[in-house]
1. Answer yes or no as to whether L69 is part of a helix (DSSP H, G or I), crowded, with 24+ Cβ neighbours inside 10 Å and without any contact (Cβ under 8 Å) to a residue 60 or more places away in the chain.
2. Considering only the range 138-174, state which residues are in contact with a helix residue (DSSP H, G or I) (Cβ under 6 Å, 6 or more places away or on another chain) and either among the basic types (K, R) or in a helix (DSSP H, G or I) (or both).
3. On the basis of being touching a residue at least 40 places away in the same chain (Cβ under 8 Å), over 23 Å from R127 (Cβ atoms) and not charged (D, E, K, R), does H38 make the cut?
4. If you go through the range 244-278, how many residues are of a type in the set (A, V, I, L, M), at pLDDT 90 or above, part of a helix (DSSP H, G or I) and buried (at least 17 other Cβ atoms within 10 Å of the Cβ)?
5. What tally of residues in the range 1-23 results from selecting those that are of a type outside the set (S, T, Y) and under 17 Å from F218 (Cα atoms)?
6. If you go through the range 8-55, how many residues are in contact with a strand residue (DSSP E or B) (Cβ under 7 Å, 6 or more places away or on another chain) and assigned to a helix (DSSP H, G or I)?
7. Where residues in the range 219-277 are out of contact with any Phe, Trp or Tyr (no Cβ under 8 Å at 6 or more places or on another chain) and of a type in the set (F, W, Y), which of them is nearest to L196 (Cα to Cα)?
8. Condition first: buried (at least 24 other Cβ atoms within 10 Å of the Cβ) and either of a type in the set (K, R) or not in a helix (DSSP H, G or I) (or both). Now tell me which residues in the range 126-137 satisfy that.
Amino acid sequence: MQLINFYFSNVSVRAALGLLVASIRESIRISRKLNHRHKRKFEHEAQTVIGISHAVAVPANRSGLFALLTALNVGKGDEVIVTGFTCSAVAEPILQRGASPVYVDIQSDNFCMNSNLLLSVYSPRTRIIILQHTFGFAAPIEAVMNFAREKGLFVIEDCALAFGSKHKGRWMGTFGDAAVWSFELSKTLSVGWGGLVGINHNASLAEQVRNVAEGAGFQGRGLAAQRLLQGGLSGLLYHHQAPHLFRRYGLAALFKFRIFKSSAETPASDLRLPSDLQWIWLLRQLRRLDVILANSKYAQHAYEAVLYARGCQSPSMRLQGTDIYLIRFPILVRDALRFVSFFAANNIEAGRWFSCPVSSGRESPAKYGYISTSCPEAERICAHVVNLPLHGRLTITQVALVASTLDGYLQAFPEEIDFLRGNEAFNPLLGNPL
């Protein structure tokens, strides 16, 4: 496990210890008074910060999507248009509702849906468009909303990778009919679990979503305590100051003995709410969002400076504007595996969001209804995309290390510079640093 990684990126040591204390409280409490006090407080503040009409906190992003689709009565025979460069967490709730995901290819300049292709995948059975803001970039909101209004479709903005990003001064997630955000493992705000559903201008639908989500009740004492324990221990073990061997073998043992579980193991239809104590720590992260985003932007500019110094540039970074806050820094390289190995040798994790059009880490995209070659641009980008960490726990020294390693990679493999220059049209970050 690398010293610099993507996970539990904004969980402070204090928050990690707080989650451990909460886990103990949850497990030994004689009388479990179950309520939504802290959840409601988080919802209210998130609603105000984001600027949405209604907010419902849920146990995970995928379960938020499931609750939305359930409230909308989406089911067998219905089709949902999805970006063909995404995570299985988006497709899973669609399939669990009995509907069919229909994948549309992406634009090469920002990794988001190509709105020009919507008509080619539309059918009389289409009911929903899930518009994903990939890495934090703005998808073609106006074009998609115009198409949806013309066809009478419901639009859900998938903001799991775009918490804090804005378009024309408004938060992404405030343009469609509804939106979802994720607070899972590697997200901008995270304690390992949780999500948020936003509803715009439809109080009746918001109440239906809340009834679906809260009607499932709470997780049992053991599971709720385990989730808090995992969040707390992970916050400590993934910290860059944790002893390397302790982190590596400790995490491996915790997963092997099933003390830790991945969020993918919980089906989207499981809407049981976590301990109400979880939302305390997510709320504290929300209240320091400006600091988290500023740290992300600092790292982003450091990596851009390296690329710019090597003569790799594109106007698209300037077009995206300063209100775009990326969750990871994507680059397209000739040899993705070589890039990942080079950084691993320098104790830095380089990610592969997304290495296939419907990424799950375990299953073939075909399991989620993806037909090979149906999204050729996405498949091409999947073969070449890598990403670097931007999160708020990176120190100035660590950012400098990542930047110098990037420069060292380009120096060691000059053919990558030629590749970057030749593909600037679909490298959205290679612009003159701001």
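1. Numbers: part of a helix (DSSP H, G or I): yes; crowded, with 24+ Cβ neighbours inside 10 Å: yes; without any contact (Cβ under 8 Å) to a residue 60 or more places away in the chain: yes.
When the stated conditions are applied, L69 passes them.
2. A143, V144, F147
3. Working: touching a residue at least 40 places away in the same chain (Cβ under 8 Å): yes; over 23 Å from R127 (Cβ atoms): yes; not charged (D, E, K, R): yes.
Here the answer is yes, as H38 does meet what is asked.
4. Of the residues in that region, 1 qualify.
5. Our first condition is that a residue be of a type outside the set (S, T, Y); within the range 1-23, this holds for 1-6, 8, 10-11, 13-22.
Still in the list and also under 17 Å from F218 (Cα atoms): 22.
Final tally of qualifying residues: 1.
6. 6
7. Once the filter is applied, the top-ranked residue is F260.
8. Passing the criteria: I128, I129, I130, L131, Q132, H133, F137.
The values are calculated or read from the model by the stated rules, or taken from the named source; none is laboratory data. Computed from a predicted model, the values in this text were never measured in an experiment. Ideal geometry is used to build each Cβ from the backbone, glycine not excepted, and the neighbour counts take in all protein chains shown.
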